[in-house]
Amino acid sequence: MKKAILLLTLILSIGLINAQTKEELLAEKAILTDSIKKIQKEADALQSEVDNFPGWRFKTFGTIGGSISGFNNWYSKETPNSSVGNLGFNINSTADLIQDKFFWKNATNINISWIKFDDKDDDSDSDKYEVATDIFTLSSLYGHKLSKKFAISALGEYRSTLIQNFNNPGFLDLGIGATWTPIKNLVIVIHPANYNFVFSRGDNVYESSFGAKIVADYSKDFGNFNVKSNLSMFQSYKSSNYSNYTWTNSFAYTVWKGIGLGFDFGLRKNKQEALNYNMEIDPDATFDNIDNKLQSYWLFGLNFKF
């Protein structure tokens, strides 16, 4: 009987010791968690000071996507013997100089993709990769600060292609006006005095004109998730036929050491481009009888960040 009582007492004592130890561990964990939160808050405050410190800031991220496949004697397809490939990449780079009295923001966007569809039973079709997407944009914005949110600014923006028909057409906007920064990562440019130069070769419908330029650019890092969105609009004072806009978006999630997943898409409307394309099919096409369809592209694949 005494042995049983001693054994029961020993078991209860061990249980109380374990319970006390668990409570102590939980208490220590709570203290460490609070300390980590305080350290992270201090680190975020220091990073904010670094981000706002005058000087150059550089950033580059992009997306690489693609697929390759082959079919042999796959009779359920119209082309049972074929090879298919789709490759593309998108790069966004920025170089910003931030000073107390002025800023100078520079950005480059390159988006190029190739596609191949080779019917091995048709000797007349091409077995080469053809350019599917070809976009090149370069912009430079200078602003003299009137306050933390407003500045007098000048903008130069060039848009064309790199692989095919470089500068044919090419669009160059040069203008002056004001820049508004309502929040840290959003820049809105309003330039009522802007000239849209259009460069092209041969007989075409492209025409330069004077108008207003509006740009909205948003870039933000949410931990490992990166977002960049840019809307560039030109409103011609001469005719709405010469107006255009381009809206590009990039989303990236970093998984490991700067590598992750990315998704890019863009929309564009440009009636001059639509008319020039339609005139190659129908010489009688005019601004009044063409369908100015919305242009678009998208790319999904691996993402990289520097």
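The table below lists the values:
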{"item": "Qualifying positions in region 245-285 - at pLDDT 90 or above and within 15 Å of residue 206 (Cβ to Cβ)", "result": "270, 271, 272, 273, 274, 275"}
{"item": "Residue satisfying all of: in region 227-244; surrounded by fewer than 16 Cβ atoms within 10 Å (Cβ to Cβ) and of a type outside the set (D, E, K, R); modelled with the highest pLDDT among these", "result": "237"}
{"item": "Residue among 276, 230, 226, 292 that alone is assigned by TED's automatic domain parsing to the domain that holds residue 157, part of a helix (DSSP H, G or I) and touching a residue at least 12 places away in the same chain (Cβ under 8 Å)", "result": "276"}
{"item": "Qualifying residue in region 67-83 (condition: under 20 Å from the mean Cα position of the chain (by Cα) and either under 26 Å from residue 264 (Cβ atoms) or of a type in the set (A, V, I, L, M) (or both))", "result": "no"}
{"item": "Qualifying residue in region 160-169 (condition: under 15 Å from residue 216 (Cβ atoms) and touching a Lys or Arg at 6+ places or on another chain (Cβ under 7 Å))", "result": "no"}
{"item": "Residue, surrounded by the most Cβ atoms within 10 Å (Cβ to Cβ), within region 196-210, restricted to residues that are out of contact with any Pro (no Cβ under 9 Å at 6 or more places or on another chain) and at pLDDT 90 or above", "result": "196"}
{"item": "Residue pairs meeting the criteria (Cβ under 6 Å; at least 6 apart or on separate chains; first at pLDDT 80 or above, in region 68-82; second among the small types (Gly, Ala, Ser) and not in a loop (DSSP other than H, G, I, E, B))", "result": "70/83"}
{"item": "Subset of region 115-135 (residues that are within 19 Å of the chain's Cα centre (by Cα) and either β-branched (Val, Ile, Thr) or at pLDDT 85 or above (or both))", "result": "133, 134, 135"}
{"item": "Residue count for region 274-301, restricted to those that are under 21 Å from residue 136 (Cα atoms) and touching a strand residue (DSSP E or B) at 6+ places or on another chain (Cβ under 8 Å)", "result": "8"}
{"item": "Hey, residue 99 outside the structural domain of residue 225 (by TED's automatic domain parsing), loosely packed, with under 14 Cβ neighbours inside 10 Å and either under 27 Å from residue 259 (Cβ atoms) or modelled with pLDDT of 75 or more (or both) or not", "result": "no"}
{"item": "Pair list, Cβ under 7 Å, 6 or more apart: region 166-179 residue without any contact (Cβ under 8 Å) to a residue 40 or more places away in the chain and not assigned by TED's automatic domain parsing to the domain that holds residue 139, other residue among the hydroxyl-bearing types (Ser, Thr, Tyr) and assigned to a strand (DSSP E or B)", "result": "none"}
{"item": "Residues that are aliphatic (A, V, I, L, M) and over 21 Å from residue 160 (Cα atoms), drawn from region 190-199", "result": "190, 193"}
{"item": "Residue selected from region 194-223 under the condition over 29 Å from residue 283 (Cα atoms) and touching a residue at least 60 places away in the same chain (Cβ under 8 Å), by the criterion farthest from the chain's Cα centre (by Cα)", "result": "215"}
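The values are calculated or read from the model by the stated rules, or taken from the named source; none is laboratory data. Bear in mind that the values here come from a model prediction, so they are computed numbers and not experimental data. So basically every Cβ, Gly included, is an ideal-geometry build from the backbone, and we count neighbours across all protein chains shown.
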